[in-house]
Amino acid sequence: MTTSITGNDIIKLGFDLLREGTLSIVDIVDAFKLAGIQSTELKLSSLKSPFGGDRFFEPKQLSATEINYPVYDRVTDFSEIIPQDDDQGLTALERLGSFVATDADEKYSVFDLFKTVAAIQDCLRNPEEDKPFLLVSADFSGIQDTVYTISSKGALKTLRARSFMLELLTEHIIYEILSEVESERYAVVFSGGGGFGLLLPNSEESIRTINDYRTRINEWAFDEFSGRFFIAMDALPFGREELLSGMSFRNIRQTQADNLDRLKRRKFIDQFEQLFTPSMPKQLTVNTECQITRRDDMPDEFMFDLETETRMSLVPAKEREDDKWIWVSESCYHQFWIGDKLATAQSVVRSQKTPEGKEPYFKYPDATWSKENKSWVYYQIDDQQTKSADCWFMNDWTAGQPILYANYVRKHGELSEYAKKLENESLKEENPTAKPNHTATFQGLAASSCGADLIGALRMDVDDMGNLFSSIGSLTELSAKSRMLNLFFKVYLNQICAANLGGGFSYTDIAKKNYSVKNSHGDIGRNVSVIYAGGDDLFILGAWDETTELAFDIQRCFSLFTGETLNKEKKTVVEGLGISGGLTLHQPKFPLYQMAQKSGEAEHGAKNDIEIQNAEIEKNRISLFFDDSKRQCRLKIQEPYRYMLSMKWDLSSAFLLPLMKTYRECGNVAFQDGRMVLEIEKFSYQTIEKWFAVIEKYQESSMLYLPTMARVMKQVEENPRMDASLFKTLLGFLYTNDESKKNWISHLHVALNWLTYLRRKN
């Protein structure tokens, strides 16, 4: 083992492999063995999906605008990823080496392998240590309480800013730790999903530094988030043997998970006295508390007027309670304006100098921060790529260190004229006319819907992530799987929202809005905004019909990206990772935190639903249009599986989506004063009510519903506007005694609700 070789030397060897196609690793074989590679020579090979299946990624450069799905045939043309003379450093290796593997293990990309080996090599350069490795993990708790508990004042853009604030906080903490222990970026094993993992050289000084910073950052978090948010962080030394055995590696990770849980159970133990000391609020009226978070413990010097950007302590005391002021805390003031800047953000610039002027910023404590000596780091959002050593680039691997962010958002200028009009009318009391680059409000998004003016709240979460990650047996595997999930949820999701699914796949479009065709403003994509996406979950708000359709696009793309494999008969033999979701509908003025809560309940229901009596829970489902009334309805039924609140994704592909497209063919989209409405011509509204009655009949008497359905379908057939072929298609979905389709009636109410909302004229 040559201890003179550094981690940066390993990264350079990664470029050598990409250039030459082969690489001898005899001199550094020890580090590669600890990364799970037993060979002494590496050859470039096609990359298999790390999640399973027999599909291979095409060897392409990493791109934020093109989704790279694994394909059936192994592609061995590596010409696109050969480095140029100026390609160097970790970011360039990620751009070039993310979709190509080595023959030693085709499940791990060149980037993940060499990044992991580089971190291991730096640890091995201290041969006197019995335990040369230090595994550092962090887990954030209280994220939902921190992000979603805000009022309706600028809710959408403030929510996106608060969500990004916590994502940026993750990167900030990583930056501070790596700087303090003098380590490199390749030491990051994973980052995202409310936590991170680092592999650092073990030393008592490093452990003290990390534990000290944990205390400091939580002192700040306690004050900043009123005790709602806590950062558990653990530094665990371990030896070579834990990396040589998959079981040993899993054990060390479980030990660290237990340590993090123990810290979370004792969170803010150093602030107990402060927690239980009664104190009077600093703001004594509803008007002077923060209008976004409703905090009343902030003194006037930390409060701003949202519109005039005036610090309230500078306003004469007798004028402060005037109704013209919109009081917000300092951090909320910055978040409110950053929410709009995120819509066009290209980079994030870090500085330890207080920004000049009134440009908004995020502010975090540095590694030396204390209550007595507060030293800060500032981050500003820029709509250009500033060449700076401390500038991070949004979803871009061509200029410097990237920061991944699901930044798809609908702006005011991208709305229809009708939606703009309603949005401006809703803002008149608070604000003048919205600007084109302002984040679209709930009112604007709801008005972009076909039919009912409602907001769709979509929550989705990968199934069985705990089992997936607890079974990981190496650092390389942990890096590969977590990075691929981040790539999908933080980068590729933007393209899916923009109706750019790639791979030759078409997007779901029931009302035929043509999302990939530029509108009169030159804009494409759906009227939705991503609130949070990363790790293994997401939260999206938008026009209800478009958010509903988007859920099916996300699932389809995710399954293909994570290794879904089909045989020649087009029957699924290997599925990609499962993902479950819940979608709820709300009036635009419905409280934001309740949108998050209700859609979370819908998602939970989908993950715990049962299709038939005495069966096990089946995940990989979607719960559409969930609300408490539907849940109560199901509770009253003797056999609950006759009224399903969720469905398997394959059932939606075979039944729900084709039925909705058939319903769509029974009518046309019309515009009424700018509003889009689906007008049904080939059957009446009363027919829809009769179909709902058939569902009730089925709940009472099982197969005896068929005669009632037959009578209803006979009336539909007799409609002079109904053509024979369309009726035959409709009949195939609604009237069948096919054993494989007998559960369709249990889900019919979902399609009927969908249709009803599309037809609503409000």
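The values are calculated or read from the model by the stated rules, or taken from the named source; none is laboratory data. Quantities reported herein were computed from a predicted structural model and do not represent experimental measurements. Reconstructed Cβ throughout: ideal geometry from the backbone, glycine too, with neighbour counts over all protein chains shown.
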Restricting attention to the stretch 388-421, which residues are small (Gly, Ala, Ser) and surrounded by fewer than 17 Cβ atoms within 10 Å (Cβ to Cβ)? Ser388, Ala389, Ala399, Gly413
Provide a single number: the residues in the stretch 602-616 that are surrounded by 18 or more Cβ atoms within 10 Å (Cβ to Cβ), over 22 Å from Lys742 (Cβ atoms) and not aliphatic (A, V, I, L, M). 3
So which residues in the stretch 186-207 are buried (at least 18 other Cβ atoms within 10 Å of the Cβ) and not aliphatic (A, V, I, L, M)? Tyr186, Phe190, Ser191, Gly192, Gly193, Gly194, Gly195, Phe196, Gly197, Pro201, Asn202, Ser206
By my count, helices (runs of 4 or more DSSP H) wholly in the stretch 217-289 with at least 2 residues that are in contact (Cβ under 8 Å) with a residue 60 or more places away in the chain and within 23 Å of Ser471 (Cα to Cα) are 241-244, 246-265
Pairs needed: first member in the stretch 672-701, within 19 Å of Phe727 (Cα to Cα); second member anywhere, of a type in the set (Phe, Trp, Tyr) and assigned to a helix (DSSP H, G or I); C-beta distance under 8 Å; at least 6 residues apart or different chains. Ile680/Tyr663; Val694/Tyr705
It is to be established whether one or more residues within the stretch 326-336 are modelled with pLDDT under 90 and more than 29 Å from the chain's Cα centre (by Cα). yes
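Name every residue in the stretch 733-762 that is small (Gly, Ala, Ser) and either buried (at least 16 other Cβ atoms within 10 Å of the Cβ) or within 29 Å of Gly674 (Cα to Cα) (or both), in order of residue number. Let's see the steps before the verdict.
In the first step, residues of the stretch 733-762 are kept if they are small (Gly, Ala, Ser); the result is 740, 746, 751.
Matches in the stretch 733-762: Ser746, Ala751.
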Yes or no: the stretch 165-177 includes at least one residue that is within 21 Å of Thr476 (Cβ to Cβ) and among the charged types (D, E, K, R). no
Any chance the stretch 174-187 includes a residue that's in a helix (DSSP H, G or I), small (Gly, Ala, Ser), within 25 Å of the chain's Cα centre (by Cα) and modelled with pLDDT under 95? no
Subset of the stretch 714-727 (residues that are more than 41 Å from the chain's Cα centre (by Cα) and either within 9 Å of Phe683 (Cβ to Cβ) or outside any loop (DSSP other than H, G, I, E, B) (or both)): Lys714, Gln715, Val716, Glu717, Asn719, Arg721, Met722, Ala724, Ser725
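Taking Met644, is it part of a loop (DSSP other than H, G, I, E, B), in the same structural domain as Leu752 (by TED's automatic domain parsing), among the aliphatic types (A, V, I, L, M) and within 23 Å of Met460 (Cβ to Cβ)?
Against the criterion (part of a loop (DSSP other than H, G, I, E, B), in the same structural domain as Leu752 (by TED's automatic domain parsing), among the aliphatic types (A, V, I, L, M) and within 23 Å of Met460 (Cβ to Cβ)), Met644 qualifies.
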Residue check, Thr687 within 27 Å of Lys512 (Cα to Cα), of a type outside the set (A, V, I, L, M, F, W, C) and either touching a strand residue (DSSP E or B) at 6+ places or on another chain (Cβ under 9 Å) or assigned to a loop (DSSP other than H, G, I, E, B) (or both): yes
In the list Leu306, Leu342, which residue meets the criterion of being under 30 Å from Asn395 (Cα atoms) and either in the same structural domain as Ala498 (by TED's automatic domain parsing) or in contact (Cβ under 8 Å) with a residue 24 or more places away in the chain (or both)? Leu342
Yes or no: Ala480 surrounded by 21 or more Cβ atoms within 10 Å (Cβ to Cβ), in a helix (DSSP H, G or I) and in the same structural domain as Ile579 (by TED's automatic domain parsing)? yes
State which residue is surrounded by the most Cβ atoms within 10 Å (Cβ to Cβ) when the search covers only the stretch 54-91 and only residues that are of a type in the set (A, V, I, L, M) and more than 25 Å from the chain's Cα centre (by Cα). Ile81
